[in-house]
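Novice: Before we start, here is the structure in question, set down as structure tokens.
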Amino acid sequence: MTASRNRQLYIGLILALILLGFALDRFGYMEPVRNVVQTVLAPVEGEISSTAQELSAYFAVSADIRALQARNQELEALVNSLMVENVQLKEVERENEALRQLLNYTRNNPQFTYETTTVVGRSIGVDPTNLLYFVYVNVGARDGIAEGMPVVTDRGLVGRVTAVGPNSAQVLMLIDPTSSVNAIIQNSRVTGVVKGNIDGTVTMERIPPTEEVNPGDIVLTSGLGGNFPSKIVIGQVTEVTRRDQDMFQVARIRPTVDFGKLESMLIITSFEPVDFENEILKAQEQGN
């Protein structure tokens, strides 16, 4: 009973205070109290308002940062995609340009038929008794390729086919030490033999000592011996060695073909190499 009576007293007291407050406010007695409270709480309200604004700005900036990060990831993905496409387009453009140059070569030299091929492998050996410089190409016997066929690019002579499989072939390059090509100086018509060296350089040997050969002279295939067609560009003379004790002069040749960057080439399929010496020997044997 005591607890119930106390609760009723508290409730009555609270109601009385509320009524008193309304009455005082109505008659204007609460205005000074309100002013005092506002004066005391004004700094607190300012801090609360400032803090609220800062929190709002923080969350807005955080949202912007997340949006920027997402957009940045999208842009990075787009840049990577465009970079890959650009690389692919450049490769296609480079390949098309190489094929256009080969096509121009075939148009300028219509006396032969050609098979376009691409380098699919290369080998550089270390034993001078073996083939040192040769490449593999992606055409073979099924494409009409045979041993001995000359190989060229639009820039000049590459070498000749030395081995053939059903779908691939091996090309011995001009710079190989076992390579030998009968050649002629374009202007003076001096003849000699172009050979490769172990270090990958090319020299023209067996030049008669009385003939004049100068740096800058253009060297072509002569067609002598029947192993290569005539008038294919080999390179340019860069140095001539004349020594009294030697029977012949030797000229260093800078090939027009960049053998380190071979990609697309042409195999001359309509040219059939002829070994004149063997043919003469066979004819002599048959005559006897």
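The values are calculated or read from the model by the stated rules, or taken from the named source; none is laboratory data. This structure is a prediction, so every number in the text was calculated from the model and none was measured. Here the Cβ is made from the backbone with ideal geometry for all residues, glycine too, and neighbour counts use every protein chain on show. Note: accessible area is taken over every heavy atom of the protein model, side chains too, but ligands, DNA and RNA are not part of it. Shrake-Rupley method; radii C 1.70, N 1.55, O 1.52, S 1.80 Å.
Novice: Taking the condition of being open to solvent by 50 Å² or more (accessible area, probe 1.4 Å) and farther than 15 Å from Thr191 by Cβ, how many residues in region 208-232 meet it? Quick ask: steps written out before the conclusion?
Specialist: From region 208-232, those open to solvent by 50 Å² or more (accessible area, probe 1.4 Å) are 209-212, 214-215, 218, 224, 227, 230-231; that's our starting set.
Remaining after also requiring farther than 15 Å from Thr191 by Cβ: 214-215.
Qualifying residue count for the region: 2.
Novice: Could you check how many residues of region 237-259 are among the acidic types (Asp, Glu), in a loop (DSSP other than H, G, I, E, B) and more than 28 Å from Ala98 (Cβ to Cβ)?
Specialist: Final tally of qualifying residues: 2.
Novice: Tell me, which strands (runs of 3 or more DSSP E) wholly within region 153-236 include 3 or more residues that are touching a residue at least 40 places away in the same chain (Cβ under 8 Å)?
Specialist: On the way: elements: 156-164, 169-173, 180-185, 191-196, 202-207, 218-221.
In region 153-236, 156-164, 169-173, 180-185, 191-196, 202-207 are the strands (runs of 3 or more DSSP E) which contain 3 or more residues that are touching a residue at least 40 places away in the same chain (Cβ under 8 Å).
Novice: Something else about it: If only one of Asn72, Asn86, Asn80 is closer than 30 Å to Met265 by Cβ and either modelled with pLDDT of 80 or more or of a type outside the set (A, V, I, L, M, F, W, C) (or both), which one is it?
Specialist: Values: Asn72 fails: closer than 30 Å to Met265 by Cβ; Asn80 fails: closer than 30 Å to Met265 by Cβ.
Among Asn72, Asn86, Asn80, only Asn86 is closer than 30 Å to Met265 by Cβ and either modelled with pLDDT of 80 or more or of a type outside the set (A, V, I, L, M, F, W, C) (or both).
Novice: Counting only residues that are within 13 Å of Phe228 (Cβ to Cβ), among the hydrophobic types (A, V, I, L, M, F, W, C) and open to solvent by 10 Å² or more (accessible area, probe 1.4 Å), how many does region 137-182 have? Reasoning before the result, please.
Specialist: Kept after step one, since they are within 13 Å of Phe228 (Cβ to Cβ), are these residues of region 137-182: 148-152, 156-161, 172, 174, 179-182.
Filter once more, keeping what is among the hydrophobic types (A, V, I, L, M, F, W, C): 149, 151-152, 157-158, 161, 172, 174, 181.
Still in the list and also open to solvent by 10 Å² or more (accessible area, probe 1.4 Å): 149.
Number of matching residues: 1.
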